[in-house]
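*Asks:* The structure's right below; bear with me while I get my questions together.
The values are calculated or read from the model by the stated rules, or taken from the named source; none is laboratory data. Predicted model only: the values in this text are computed from it and were never measured. No Cβ is skipped: glycine too gets one built from the backbone with ideal geometry, and neighbour counts run over all protein chains shown. The accessibility values were calculated without ligands, DNA or RNA, using every heavy atom of the protein model including side chains. Shrake-Rupley method; radii C 1.70, N 1.55, O 1.52, S 1.80 Å.
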Amino acid sequence: MAKAAAVLGLLFTAFTYANNLRLSQAERLYAETKALMEQYDTSGVRRLENVLIQRLLFYSQGGNNLNNPNHFPDELFAAIAKETLFADTGDNGDREFRVRPFVDDLNLILDFYAQVDFCLEAEMCDGEILLGYFCPRAEEFQSRHQRLIAFYRDFEGSGDQRHELERFTDKCRTADL
């Protein structure tokens, strides 16, 4: 009977230890996910996404979609993209009144989604929460700005790089949300 109690005690201890490890893992994943969610708000990524939307809405008045080459042929779109990203109006006039370049902000947004993708891929975050929270945002951002992002990659010569946003949104489309 003493041996049976010892074995049961050992099994209970092992079960408790394994359960605590599992809870610790889940808590760690949740903490990493929550940190990314807070970073999205506090680092200004959400605000920068809204700023970009507002800047580009100016051009798409009347319901024209900037991603549609029929409404915005390549030459016109390139001018819009250069003005948006680099504040290049083709005019060397009074620079004090020029629009602030958005290229650093776009890099910050793309880098953030690279972090999100890495956290998911490395299983450092809670995938279900991460996908549920970021997929709608990432998919909307990519949908709205796919042509601008492609223009930027081509312009800076990184055409085969910087596809983290697309990889993440592909995972969103295949995830069971």
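*Asks:* Report the calculated FRET efficiency for Glu27 and Ile53 (r = Cβ-Cβ distance, R0 = 35 Å), to the nearest 0.05.
*Replies:* With R0 = 35 Å, the Cβ-Cβ based efficiency is 0.50.
*Asks:* For Leu76 and Ser143, what does the FRET efficiency come to when R0 = 22 Å and r is the distance between their Cβ atoms, rounded to the nearest 0.05?
*Replies:* In this case the efficiency is close to 0.60.
*Asks:* With all protein chains present, calculate the accessible area of Leu108 using a 1.4 Å probe and round the result to the nearest 10 Å².
*Replies:* 70
*Asks:* Here's a follow-up. If I model a spin label at Arg173 and Asp104 as a point 7 Å from the Cα along the Cα→Cβ vector, what separation in nanometres do I get?
*Replies:* 3.4
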